[in-house]
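Step one of this worksheet: look at the structure below.
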Amino acid sequence: TSLAVNQTTNRPYISYVDLSTHALKMAQYVTDKWEVLSIASSGATGLYNSAAIDPAGYTHIAYYDQNDQELRYLKGLGGVWHMETPDSSGNTGLFASLALDSNSNPHISYFNEDTDELMYVRWTGSAWTTPVVVDTSGAVGLYSSIELDASNNPHISYFDATNTDLKYAYWNGSAWVIERVDNVGDVGYYSSLGLDADNRPHIAYLDEDNDRVKYAYKNAS
C-alpha cells in the first residue's frame, strides 16, 4: 500500500493491489465514507505501487506491471486516468518509489531485476528522461525509497542484496554520490527515507538478523 494526502482537502488516498483480481486499486475518503476505484486491471498489475498527490489534486502512481514486466505510471483526476510506460527495458520497475518535484513532475526510483541495478527516471514536463543506472555494484536497488531536496535533486535509500547492506545515493547536481549507511549484519530491508529542513537523510529500515526496526540519520559531517 501507499498513502497520499490531498493537501487542499486533507483527504487520504490509499493505492494498493488486490491480489484476488490482480488489479491496482485506490481507496479515497469522501465526506464520511470510503470509495474504492479499480484503476488498472489489464492482467496482473499494481505491485510495488507508490502514490503522491500534487497541489492541483492530480494523483500520481508508479507501479510494477508484472504481466508485461515493466514500470508503469498513472496520472488521474476525477476518475480519468492516463497511463504511460517510463521504462520497458526488460524486467524492470520493481520496488518503485515516486516523489513529485516543485513543478509536480514525477521522479521514480526502482529496481531492474534483469540487470540487478538501481534505476532512476523522471518526467521533464514534456517527456520521460532516458532511465539512468544509479548503482550497479552487485544486486542493488531493492526496497528503494525516493525523496527530493529543495533543489529537486533526488535522494534514494535502498537495499544492497549482494552485501546485505543499507545504501543511500543522491544527486549532488553533477554526479551521483553513493554511501553505505549500515553494513553490520543483514540490514536495509524495506527502507523508508525522509529529508529534513537541511536536506539531510533520515532512514528507517529492517535489521533482519535481530528482527528490529532501525533508524539512521546523517549529521553535519
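Residue-wise, which Karplus ³J(HN,Hα) couplings in Hz belong to segment 130-147, taking 6.51 cos²θ - 1.76 cosθ + 1.60, θ = phi - 60°, and x for glycine or proline?
Once rounded to whole Hz, the list reads 5, x, 10, 7, 8, 9, 10, 8, x, 7, 10, x, 6, 6, 6, 9, 10, 9.
Leaving ligands, DNA and RNA out of it, rank TRP176, TRP34 by accessible area with a 1.4 Å probe, largest first.
Numbers: TRP176 55, TRP34 125 Å².
From most exposed to least exposed: TRP34, TRP176.
For segment 1-89, which whole percent of the accessible surface, found with a 1.4 angstrom probe, sits on carbon and sulfur atoms? Walk me through the intermediate numbers first.
Working: 2250 of 4540 Å².
Carbon-and-sulfur percentage of accessible area, whole number: 50.
What nm value, rounded to one decimal, do you get for the distance between ASP186 and SER20 when each label is placed 7 Å out toward the C-beta?
About 3.3 nm, to one decimal.
With a probe of 1.4 Å, find how much accessible area the chain has per residue, and write the answer as a whole number in Å². Walk me through the numbers before you get to the answer.
Values: 10500 Å² over 221 residues.
Spelled out: the 1.4 Å probe surface of the chain, per residue, equals 47 Å².
What is the calculated FRET efficiency for ASN103 to VAL213, with r their C-beta to C-beta distance and R₀ = 35 Å, to the nearest 0.05?
Details: r = 34 Å, r/R0 = 0.98.
Calculated value: 0.55.
Debye calculation, C-alpha points only, no solvent: report log10 I(q)/I(0) for segment 36-76 at q = 0.14, 0.17, 0.33 Å⁻¹, in the same order as the q values.
-0.31, -0.45, -1.18
How high is the FRET efficiency from LEU37 to ALA220, r the C-beta distance, R0 30 Å, rounded to 0.05? Please list the in-between numbers first.
Values: r = 45 Å, r/R0 = 1.50.
Once rounded, the FRET efficiency stands at 0.10.
Just to verify a number: FRET efficiency for THR8 and GLU179, C-beta to C-beta distance, R0 = 41 Å, to 0.05?
According to the calculation, E is roughly 0.65.
If amide hydrogens are placed 1.01 Å from N in the peptide plane, which non-local residues have theirs closer than 5 Å to the one on ASP116?
none
Given springs between every Cα pair under 10 Å in a Gaussian network model of the chain, which of ASN103, ASN152, ASN49 has the largest fluctuation?
Greatest mean-square fluctuation among the candidates belongs to ASN103.
With the contact rule set at Cα under 8 Å and sequence spacing of 6 or more, what percent relative contact order holds for segment 24-74? If you can, show how the numbers build up before the last one.
Values: 80 pairs, mean separation 13.1, N = 51.
Computed value for segment 24-74: 26 percent relative contact order.
Express in nm, to one decimal, how much length is gained between GLN69 and ARG200 on full extension, taking 0.36 nm for each residue of separation and deducting their alpha carbon distance. All intermediate terms of the calculation are to be shown ahead of the outcome.
Values: separation 131, 0.36 × 131 = 47.16 nm, distance 3.37 nm.
Full-extension gain reported as 43.8 nm.
List the residues whose amide H sits under 5 Å from the amide H of ALA44, counting only those 5 or more places along or on another chain, with H placed 1.01 Å from N in the peptide plane.
When sequence neighbours closer than 5 places are left aside, the close amide H contacts are ASN67.
List the relative contact order of the chain as a percent without decimals, with contacts defined as Cα pairs under 8 Å and 6+ residues apart. Walk me through the intermediate numbers first.
Numbers: 597 pairs, mean separation 20.8, N = 221.
Once normalised by length, the contact order is 9 percent.
Which ³J(HN,Hα) values, rounded to whole Hz and listed in residue order, are derived for segment 160-171 from phi using the Karplus coefficients 6.51, -1.76 and 1.60 in 6.51 cos²θ - 1.76 cosθ + 1.60 with θ = phi - 60°, glycine and proline given as x?
Result, ordered by residue: 9, 6, 5, 9, 6, 10, 8, 10, 9, 10, 8, 8 Hz.
With contacts defined as alpha carbon pairs under 8 Å and 6 or more residues apart, what's the relative contact order of segment 180-221 in percent? Provide the component values of the computation, followed by the final result.
Numbers: 62 pairs, mean separation 14.0, N = 42.
About 33 percent, as a whole number.
Between VAL177, VAL30, VAL132, find the one with the highest GNM mean-square fluctuation for the chain; connect C-alpha pairs within less than 10 Å.
Looking only at VAL177, VAL30, VAL132, the largest GNM fluctuation is found for VAL30.
Report the extension gain between THR130 and ALA27 in nm, rounded to one decimal, defined as 0.36 nm multiplied by the number of residues separating them, less their alpha carbon distance. Walk me through the numbers before you get to the answer.
Values: separation 103, 0.36 × 103 = 37.08 nm, distance 3.20 nm.
Full extension from THR130 to ALA27 adds 33.9 nm.
The values are calculated or read from the model by the stated rules, or taken from the named source; none is laboratory data. Computed from a predicted structure; not experimentally measured. Every residue, glycine as well, gets a Cβ built from its backbone with ideal geometry; the counts of neighbours run over all protein chains shown. For the accessible areas, the whole protein counts, side chains as well, though only heavy atoms, and no ligand, DNA or RNA atoms are used. Shrake-Rupley method; radii C 1.70, N 1.55, O 1.52, S 1.80 Å.
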